[in-house]
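These notes concern the structure reproduced below.
The values are calculated or read from the model by the stated rules, or taken from the named source; none is laboratory data. Just so you know, these numbers come straight off a predicted model, no measurement behind them. Please note: Cβ atoms are built from the backbone with ideal geometry, for glycine as well, and neighbour counts cover all protein chains shown. When the accessible area is computed, the model is the full protein with side chains, heavy atoms only, and any ligands, DNA or RNA have been set aside. Shrake-Rupley method; radii C 1.70, N 1.55, O 1.52, S 1.80 Å.
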Amino acid sequence: MVKLDTFANANALIAARKPEQPVVGFRPHAAGLAARWFLANFPGDVAYAYKANSSVFLLGALYGAGIRHFDVASLPEIEDAKTIPDATFHFMHPVKSRHAIRRAFGLGCRSFALDSEAELKKILDETSNAKDLLLWVRVAVPAKNSRIPLERKFGIVGAQAARLLVKTRQVAKEIGITFHVGSQTVTPEAYAIALGEVKALIVKAGVVVDRIDVGGGFPSRYSNEMPSPLSEFMAVIRHGIEALPVADRCRVMCEPGRALVAEAESLIVRVDARRGGDLFINDGSYGMLFDAAHLGFVFPIRIIGRDVRDPHVLAPFELWGPTCDSIDHMKGPFLLPDSVREGDFLEIGNTGAYARAIAGHFNGYGHYDEVILQDEPMFTMYGEVALAVAGE
Ligand SMILES: *Cc1c(COP(=O)(O)O)cnc(C)c1O
């Protein structure tokens with residue numbers, strides 16, 4: 001593993017160098033803290049959703065905190081993760097190629113999701129009717145207060161779901177029900193509604209279910225988003241699980257991606273031009289700011305590298321990325337001191353979930369320097385509880 005330079009914070013980075021490329025500042029300690037919180041507070045297995053961020057620096061921190069289950073969604077992810085010792089992989093994409101199923105099975109994966117009888121047949125074919133499979137039926141549930149609903153693409157419901165559960169029960173060593181309420185779900189009702197539907201389905205199908213997976217969707221904090229505390233999510237989930245007819249015998253799992261890593265990275269960019277309320281910066285929607293451009297995320301932001309005389313007099317700015325494309329635009333509003341000017345460096349916080357993973361190379365951009373930062377995230381979901389965990 002390459003060793004990265006470590007700085008006390010982004011200011012120290014800018015004092016030491018003036019990076020030409022945008023910089024990813026990792027805060028592995030923040031990922032570790034989030035993972036410890038989930039392991040201490042979630043009533044079951046915590047499977048990290050690998051697609052959110054596969055940086056070795058964050059994976060190392062999650063592993064160090066005790067994460068041993070991984071939700072993987074593709075064969076390349078499994079290949080990438082296969083050297084992690086003692087790891088259990090759950091291949092939770094409901095549509096997989098035959099090659100991917102066969103290869104994953106060969107690498108030791110025994111846990112697969114499905115949402116159709118055709119996929120069940122594929123899994124049985126490609127594992128030669130293995131007798132030790134854990135098979136999860138993915139059900140569609142309503143999205144409520146989620147910024148990125150996921151229910152349109154995957155999931156089975158109603159009588160078809162009951163039939164698939166019965167069929168899966170006949171061939172699997174263990175069966176589970178899985179769902180995803182949608183990413184960045186800011187209030188916990190969605191989990192209550194989903195678990196209510198799971199309960200009705202179990203009764204309708206009349207099968208014994210060994211596992212329940214409440215998926216991901218746990219929120220992070222952004223400037224335009226102040227989610228309910230994570231402890232409320234845990235309370236709602238416990239309550240929903242306890243009401244299931246299989247509560248006393250089933251093993252529970254969750255698959256947080258965003259909530260474990262969002263706070264663990266900042267993006268450091270430079271202002272290359274200011275035109276009134278428009279700032280032209282050296283990363284954008286084709287880079288790490290896709291969610292800001294297309295999903296309305298307003299990441300926390302601050303000027304770094306110089307003393308700001310008016311730190312509390314903030315004005316609204318829109319951001320424009322470096323490519324030639326006019327949709328390379330992050331509307332915000334991003335609040336910054338009005339003295340912001342060409343040559344300033346900005347820290348954009350809480351970019352650890354998905355941002356780096358989806359950055360591309362349009363116009364020759366999408367290359368980042370990487371450093372470790374030792375200070376705290378710009379916003380956190382783990383404030384007071386975090387202190388309690390750390391003080392154990
Ligand atoms: C993406 C994904 C996750 C992680 O979602 P977050 O909203 O980042 O927590 C978990 N499970 C499945 C099946 C996913 O597709």
Mean accessible surface per residue for the chain, computed with a 1.4 Å probe while every protein chain stays in place, in Å²: 42
quick note, the chain, DSSP beta bridge pairs, % antiparallel (nearest 5) is 40
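Run the helix sum for the chain: -39,500 (n - 2.57) per DSSP H stretch of 4+ residues, divided by residue count, reported at 222 nm to the nearest 500 deg cm²/dmol.
Working: 13 runs with 122 residues, N = 392.
Estimated from H runs of four or more residues: -9000 deg cm²/dmol.
Run the numbers for Ala273 and Ile358: contour at 0.36 nm per residue of separation, minus the present Cα-Cα distance, in nm. Don't skip to the end; give the middle numbers.
On the way: separation 85, 0.36 × 85 = 30.60 nm, distance 2.54 nm.
The Ala273-Ile358 span can extend by a further 28.1 nm.
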Rule-of-thumb check for the chain: C-alpha Rg over 2.2 N^0.38 Å? 1.03
A 20 angstrom limit on the alpha carbon distance is what I want to check against. Which of Lys131/Lys167; Lys153/Lys199; Lys82/Lys121; Lys167/Lys204 exceed it? Lys153/Lys199; Lys82/Lys121
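Pop the C-beta distance of Thr6 and Ala118 into the FRET formula with R0 = 45 Å and round what comes out to the nearest 0.05.
On the way: r = 50 Å, r/R0 = 1.11.
Between Thr6 and Ala118 the formula returns 0.35.
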On full extension of the chain, what length is gained from Glu20 through Ala235, given 0.36 nm per residue of separation minus the C-alpha to C-alpha distance? 72.8 nm
For the range 191-314, the Cα-Cα pair-distance distribution in 5 Å bins from 0, as whole percents, is 2, 8, 14, 16, 12, 11, 9, 8, 7, 5, 4, 3, 1, 0
How much of the accessible area of the range 28-261, probe 1.4 Å, is carbon plus sulfur, in whole percent? 53
Chain lengthening between Asp375 and Asp310 when straightened (0.36 nm per residue, less Cα-Cα): 21.1 nm
Could you state the angle between the C-alpha long axis of helix 230-242 and the longest principal axis of the C-alpha atoms of the chain, as a value from 0 to 90 degrees rounded to the nearest 10? 10
May I ask you to derive the relative contact order of the chain, considering only C-alpha pairs under 8 Å and at least 6 residues apart, and to give it as an integer percent? 22
Can you tell me the orientation of helix 28-41 relative to the chain, as the angle in degrees between its alpha-carbon axis and the longest Cα principal axis, to the nearest 10? 30
Pairs of alpha-carbon atoms within less than 8 angstrom and 6+ residues apart define the contacts here; what relative contact order does the range 276-360 have, in percent? 41
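Under Stokes-Einstein, with the Kirkwood radius over Cα pairs standing in for Rh, what whole-number D in µm²/s applies to the range 77-151 at 10 °C and 1.306 mPa s? It would help to have the intermediate numbers written out before the result.
Numbers: Rh = 13.5 Å.
Reported coefficient: 118 µm²/s.
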If I fit a long axis through the Cα atoms of helix 158-171 and take the longest principal axis of the Cα atoms of the chain, what angle between them do I get, 0 to 90°, rounded to 10? 70
P(r) for the range 11-159: what percent of alpha-carbon pairs falls in each 10 Å bin, starting at zero? 10, 31, 32, 19, 6, 2, 0
